[in-house]
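The structure under discussion is supplied below as structure tokens; questions concerning it will follow.
The values are calculated or read from the model by the stated rules, or taken from the named source; none is laboratory data. All figures in this text were calculated on a predicted structure; none of them were measured in a lab. Please note: Cβ atoms are built from the backbone with ideal geometry, for glycine as well, and neighbour counts cover all protein chains shown. Heads up: the accessible areas ignore ligands, DNA and RNA and are worked out on the full protein's heavy atoms, side chains in. Shrake-Rupley method; radii C 1.70, N 1.55, O 1.52, S 1.80 Å.
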Amino acid sequence: MKAFTNANPRDLAHALTIVRQTHQEKRSVAIAGGGTDLLGMMKERLVTPDVVVHLGAIENLDLVKLINPGVTIGGQITLDALAATPVIRQEYPVLAEAAASVATPQIRNVATLAGNLCQRPWCWYYRNGFKCLKNGGTTCYSISGENEFHAIFGGGPSYIVHPSDTAPALVALDATFRIVGSTGERKLPASEFFTLPTVDAARENVLKDDEILAEIVLPRRRAAMRSTYHKVLDREAWTHAVVSAAIVLDMDKDVCRSARVVLGGVAPIPWRLPEVEKLLTGKRITPALAADAGAAAVAGARPLAKNGYKVPMTQAMVRRTIEGLAAV
């Protein structure tokens, strides 16, 4: 691991000052929340910052607050704390379930929500130091190589899948992200935070080098809203979704008034399914409709040589999850 300097800012403004000064000195900087992903990448020299800015000591960045309307969540809340927060468990179960599904209890006790959203891909080519599109190169080796866990939607020129479990849940909940930077702050929908490789193959989100994801805002929950997160793994722990789905239904008895269906593990961004949502809206949820939704969920899938199994897996998971959620 390269030698580096730790910085422990007193507040967000101080953190941004440190970032700006480090850039002015022509040195590299990394932002650390829980640091569970960053530390491993530094050990492997995938990133070699001169300065690591730790946000963990800043007060009030880890709080869940009720607002009118909705809830705000500090980006530095740990995944374990988020999953255990009563208002999240009761009002937004899709997010609580997603947070509780990440990695292992030890990691969830340290890893933060903002860190989970901003983590880098777990493609084995990138993580093993190949000079790929994510590591300063010009080639995505997964196209003709080992691609069992890569994208079936939205791929090209890179075929990574976004590793976050909480990202699909927040897109499904129509969350808003508050981002602070040296030139001020901005807010944008969760769905606009993540970017496809066609925009910039080297990045997964819109954060600039001098910006921090500070807070997530959830809209008020409708009384009839039902939500859940379902995740398929290749082993029981310490792994990422092979396929996942965050589904939010606004129900009037057995009729769906509106729907949000977002997949994880299948695309470089949380993959929303607007055609499935339209199919469900205004209709009574029946096994036949759920089956139609599952079939529509995989329309346009473009599997690579070794990940075609994700297509029927996605179809079945969407069908079963919608059917089960409607029956609650």
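For the range 304-328, which residues satisfy the criterion of being open to solvent by 60 Å² or more (accessible area, probe 1.4 Å) and out of contact with any strand residue (DSSP E or B) (no Cβ under 6 Å at 6 or more places or on another chain)?
A305, K306, Y309, P312, Q315, R319, R320, E323, A327
Okay, residues lined up against (1) under 21 Å from A15 (Cβ atoms); (2) not small (G, A, S):
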| position | (1), (2) |
| --- | --- |
| K65 | yes, yes |
| N68 | no, yes |
| I73 | yes, yes |
| T78 | yes, yes |
| A84 | no, no |
| S101 | no, no |
| Q106 | no, yes |
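Here are V102, V94: which of them is assigned to a helix (DSSP H, G or I), over 30 Å from Q24 (Cβ atoms) and of a type in the set (V, I, T)? Spell out the reasoning first.
Details: V102 fails: assigned to a helix (DSSP H, G or I).
Checking each option against the conditions leaves just V94.
Quick one: which residue in I88, I58 is assigned to a loop (DSSP other than H, G, I, E, B), open to solvent by less than 70 Å² (accessible area, probe 1.4 Å) and over 30 Å from K134 (Cα atoms)?
On the way: I88 fails: assigned to a loop (DSSP other than H, G, I, E, B).
The conditions single out I58.
Still on this structure, I have one more. Answer with yes or no whether A13 is open to solvent by less than 30 Å² (accessible area, probe 1.4 Å) and at pLDDT 95 or above. Explain how you work it out, then say what you get.
Numbers: open to solvent by less than 30 Å² (accessible area, probe 1.4 Å): no; at pLDDT 95 or above: yes.
No, not satisfied.
Would you check if G40 is open to solvent by 10 Å² or more (accessible area, probe 1.4 Å), in contact (Cβ under 8 Å) with a residue 60 or more places away in the chain and within 24 Å of N135 (Cβ to Cβ)? Please lay out each step first, then the result.
Details: open to solvent by 10 Å² or more (accessible area, probe 1.4 Å): yes; in contact (Cβ under 8 Å) with a residue 60 or more places away in the chain: no; within 24 Å of N135 (Cβ to Cβ): yes.
No; evaluated as a whole, the condition is false for this residue.
Restrict the check to the range 1-10 and report whether at least one residue is part of a loop (DSSP other than H, G, I, E, B), open to solvent by less than 70 Å² (accessible area, probe 1.4 Å), modelled with pLDDT of 95 or more and within 20 Å of A114 (Cα to Cα). Write out each step before concluding.
If we filter the range 1-10 for residues that are part of a loop (DSSP other than H, G, I, E, B), which is where we start, we get 1-4, 8-10.
Those left that are additionally open to solvent by less than 70 Å² (accessible area, probe 1.4 Å): 2, 9.
Okay, now just the ones that are also modelled with pLDDT of 95 or more, so 9.
The next check asks that each one be within 20 Å of A114 (Cα to Cα); those that pass are 9.
Yes; the residues of the range 1-10 include at least one that is part of a loop (DSSP other than H, G, I, E, B), open to solvent by less than 70 Å² (accessible area, probe 1.4 Å), modelled with pLDDT of 95 or more and within 20 Å of A114 (Cα to Cα).
Yes/no matrix, rows are residues, columns are (1) surrounded by 21 or more Cβ atoms within 10 Å (Cβ to Cβ); (2) in contact (Cβ under 8 Å) with a residue 12 or more places away in the chain; (3) more than 18 Å from V242 (Cα to Cα):
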position: T48; (1), (2), (3): no, yes, yes
position: L66; (1), (2), (3): no, yes, yes
position: I73; (1), (2), (3): yes, yes, yes
position: R108; (1), (2), (3): yes, yes, yes
position: C123; (1), (2), (3): yes, yes, no
position: Y126; (1), (2), (3): yes, yes, no
position: K131; (1), (2), (3): no, no, yes
position: T138; (1), (2), (3): no, no, yes
position: G145; (1), (2), (3): no, yes, no
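Could you check how many residues of the range 282-328 are farther than 15 Å from T228 by Cβ, in contact with an Asp or Glu (Cβ under 6 Å, 6 or more places away or on another chain) and either among the aliphatic types (A, V, I, L, M) or in a loop (DSSP other than H, G, I, E, B) (or both)?
The total comes to 3.
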